[in-house]
């Protein structure tokens, strides 16, 4: 057991519990900056995310706050797209030995994008509603929903980032949903996506299981503590600070 990694998991879990901001955007760049190979960081984070999101899925399923049809449409686009991204990375590594460089630069740009998405979600959610897209029924937006899954699924497969934050912004703008249903749908789809991507990374040997275990030891109590305190502390300023940290991490990786 590495106390340093467990403490890092505790801090990330605490921030996630406090702000609701995705753990991958915080964790993956930190792992790379402390010396973990980018491919291992991405694969490890996907498996770690799959385990942590499972608990959220179970709770939301019990609460009946999951839009199954939307999860289905998103997954139809995102899972094949993530598989293509991971297979493409493997191809470039086999042919040009530049997988780590591709992941590092892609992470940097996506982190900047994710930080902007967090700011939009935090400060502009009410301004994005209502609009004409939200009035259309889901079956009329099937193609659009699958396309959103394709684009963001590719990003998740490439970097492990965005399974929550990017999809959440799309849901806020394009769909009329209760907050609880949006969160439950987002987490359920994210669980399916990161699990599929994580399994593929396991097949390629890109997962450090000891690292996953150490992160879980720290992050589970961290999430519980952060969630308990979150009701007493204003979340918006903290989300803004976390978004700035993610933005800076992205610039360092570009």
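The values are calculated or read from the model by the stated rules, or taken from the named source; none is laboratory data. The structure displayed is predicted, hence computed values, not measured ones. Here the Cβ is made from the backbone with ideal geometry for all residues, glycine too, and neighbour counts use every protein chain on show.
Of the residues that sit in the range 212-223 and are under 17 Å from the mean Cα position of the chain (by Cα) and crowded, with 20+ Cβ neighbours inside 10 Å, which one is modelled with the highest pLDDT?
Step by step, filter the range 212-223, then rank; the result is 212.
Got a number for residues in the range 193-211 being under 16 Å from residue 76 (Cβ atoms) and buried (at least 21 other Cβ atoms within 10 Å of the Cβ)?
Going through the range 193-211 one residue at a time, the tally reaches 3.
Please determine, by comparing only the residues of the range 58-92 that are modelled with pLDDT under 90 and buried (at least 18 other Cβ atoms within 10 Å of the Cβ), which one is nearest to residue 141 (Cα to Cα).
My answer is 65.
Of all residues in the range 224-240, which are surrounded by 13 or more Cβ atoms within 10 Å (Cβ to Cβ) and within 21 Å of residue 111 (Cα to Cα)?
Within the range 224-240, 235, 238, 239, 240 qualify.
Taking the stated definitions as given, is residue 200 out of contact with any helix residue (DSSP H, G or I) (no Cβ under 6 Å at 6 or more places or on another chain) and closer than 24 Å to residue 114 by Cα? Talk me through it step by step, then tell me what you get.
Details: out of contact with any helix residue (DSSP H, G or I) (no Cβ under 6 Å at 6 or more places or on another chain): no; closer than 24 Å to residue 114 by Cα: yes.
Considered against the rule, which asks whether it is out of contact with any helix residue (DSSP H, G or I) (no Cβ under 6 Å at 6 or more places or on another chain) and closer than 24 Å to residue 114 by Cα, residue 200 comes out as no.
Looking only at residues in the range 140-161 that are touching a helix residue (DSSP H, G or I) at 6+ places or on another chain (Cβ under 8 Å) and over 23 Å from residue 91 (Cα atoms), which one is surrounded by the most Cβ atoms within 10 Å (Cβ to Cβ)?
Restricting to residues being touching a helix residue (DSSP H, G or I) at 6+ places or on another chain (Cβ under 8 Å) and over 23 Å from residue 91 (Cα atoms), the top hit is 145.
From the list 99, 134, which one is farther than 24 Å from residue 56 by Cβ and either in contact with a strand residue (DSSP E or B) (Cβ under 9 Å, 6 or more places away or on another chain) or buried (at least 17 other Cβ atoms within 10 Å of the Cβ) (or both)?
Of the residues listed, the single one that is farther than 24 Å from residue 56 by Cβ and either in contact with a strand residue (DSSP E or B) (Cβ under 9 Å, 6 or more places away or on another chain) or buried (at least 17 other Cβ atoms within 10 Å of the Cβ) (or both) is 99.
If you take the residues of the range 171-192 that are crowded, with 22+ Cβ neighbours inside 10 Å and farther than 19 Å from residue 146 by Cβ, which of them is nearest to the chain's Cα centre (by Cα)?
Looking at residues that are crowded, with 22+ Cβ neighbours inside 10 Å and farther than 19 Å from residue 146 by Cβ, I get 187.
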